[in-house]
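Colleague: Please find one structure pasted underneath; my questions will follow.
The values are calculated or read from the model by the stated rules, or taken from the named source; none is laboratory data. The structure displayed is predicted, hence computed values, not measured ones. Here Cβ is always computed from backbone atoms with ideal geometry, including for glycine, and neighbour counts include all displayed protein chains. Quick note on the areas: whole protein, heavy atoms, side chains included, nothing else; ligands and nucleic acids left out. Shrake-Rupley method; radii C 1.70, N 1.55, O 1.52, S 1.80 Å.
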Amino acid sequence: MTTLLTPDCDLLTFPFTAATDFTDLADCCDRFAETLMECDDDVYRMALLGRLSACLALLGPTLHDPIPPHLIARFTVESLPETQAFFEPDAQALCDYCQSLTQMLCQQSLLPEMEKTLRGLLCELVWMFAGDLKAPRWSTAH
C-alpha cells in the first residue's frame, strides 16, 4: 500500500515504519531534504534531520533485499534511461554518507557557513540516493 506524501502534509508526523515500502521511504527522504534546504527555523531543522535519520536507518538494512513483487512493474520500462554519473557510490555507501552527514548536522557544532554547506551536500546526496532507489531497473526491450 502506497501512502502519498502530499505537499501540505506534516513531515514531522507523517507515519513510516520498517514495513513501509522502500519507495515511500525514498519519497520521504526527498521531501525531508527539500524542506531542510528551505528551512530557516533551527528547531524545525533539527526535527527534520531526526526524521531523515530515522528514515535512512530504516532504508539502510533493506538495500540488498529483493524488490517486492507488487513493485516490479514500477521498475520496468520499455527502455532504460541513459544516465551520466560522475559520482557512483553504491547504495549502501550513499546511505551511510547521508546518515553520517545527518548525524554531524544534528550535533550543532559547526560554524554557520559550514553547516549551510554541509546541509546542501546532504540534500544533494539524499536526492541522488532517493532517485537511484526509485529509478527503473529492467527493460522490456530485447
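Colleague: Return yes or no: is Gln107 open to solvent by less than 80 Å² (accessible area, probe 1.4 Å), more than 24 Å from Pro68 (Cα to Cα) and of a type in the set (S, T, N, Q)?
Modeller: So Gln107 does not fit the description; no.
Colleague: Find all pairs meeting these conditions: Cβ atoms under 8 angstrom apart; at least six residues apart or on different chains; first residue within the range 28-47 and in contact (Cβ under 8 Å) with a residue 60 or more places away in the chain and within 23 Å of Leu58 (Cα to Cα); second residue open to solvent by less than 40 Å² (accessible area, probe 1.4 Å) and β-branched (Val, Ile, Thr).
Modeller: Cys29/Val126; Asp30/Val126; Phe32/Val126; Ala33/Val126
Colleague: Filter the range 1-29 down to residues that are under 23 Å from Pro136 (Cα atoms) and aliphatic (A, V, I, L, M) and give me whichever is modelled with the lowest pLDDT.
Modeller: The residue in question is Met1.
Colleague: Counting only residues that are open to solvent by less than 80 Å² (accessible area, probe 1.4 Å) and assigned to a helix (DSSP H, G or I), how many does the range 74-84 have?
Modeller: Number of matching residues: 1.
Colleague: Among the candidates Asp132, Asp96, which residue alone is open to solvent by 50 Å² or more (accessible area, probe 1.4 Å), under 11 Å from the mean Cα position of the chain (by Cα), farther than 19 Å from Glu38 by Cβ and touching a residue at least 12 places away in the same chain (Cβ under 8 Å)?
Modeller: Asp132
Colleague: Another question, if that's okay. If the requirement is being more than 16 Å from Ser53 (Cα to Cα) and either at pLDDT 90 or above or of a type in the set (A, V, I, L, M, F, W, C) (or both), which of these qualifies: Leu133, Leu105, Leu101?
Modeller: Leu133
Colleague: State all residues of the range 102-116 that are within 24 Å of Ala57 (Cβ to Cβ), out of contact with any Asp or Glu (no Cβ under 8 Å at 6 or more places or on another chain) and not in a loop (DSSP other than H, G, I, E, B); if no residue qualifies, say none.
Modeller: Hits for the range 102-116 are Thr102, Gln103, Met104, Cys106, Glu115.
Colleague: If you don't mind, another one. Looking at (1) closer than 21 Å to Phe22 by Cα; (2) in contact with a helix residue (DSSP H, G or I) (Cβ under 8 Å, 6 or more places away or on another chain); (3) in contact (Cβ under 8 Å) with a residue 12 or more places away in the chain; (4) outside any helix (DSSP H, G or I), find the lone condition where Phe87 falls short.
Modeller: (1)
Colleague: Do we find that Arg51 is closer than 24 Å to Thr17 by Cβ, open to solvent by 30 Å² or more (accessible area, probe 1.4 Å) and touching a helix residue (DSSP H, G or I) at 6+ places or on another chain (Cβ under 9 Å) in this structure?
Modeller: Against the criterion (closer than 24 Å to Thr17 by Cβ, open to solvent by 30 Å² or more (accessible area, probe 1.4 Å) and touching a helix residue (DSSP H, G or I) at 6+ places or on another chain (Cβ under 9 Å)), Arg51 qualifies.
Colleague: Of the conditions (1) surrounded by 13 or more Cβ atoms within 10 Å (Cβ to Cβ); (2) more than 16 Å from the chain's Cα centre (by Cα), Phe87 satisfies every one except a single condition; which number is it?
Modeller: (1)
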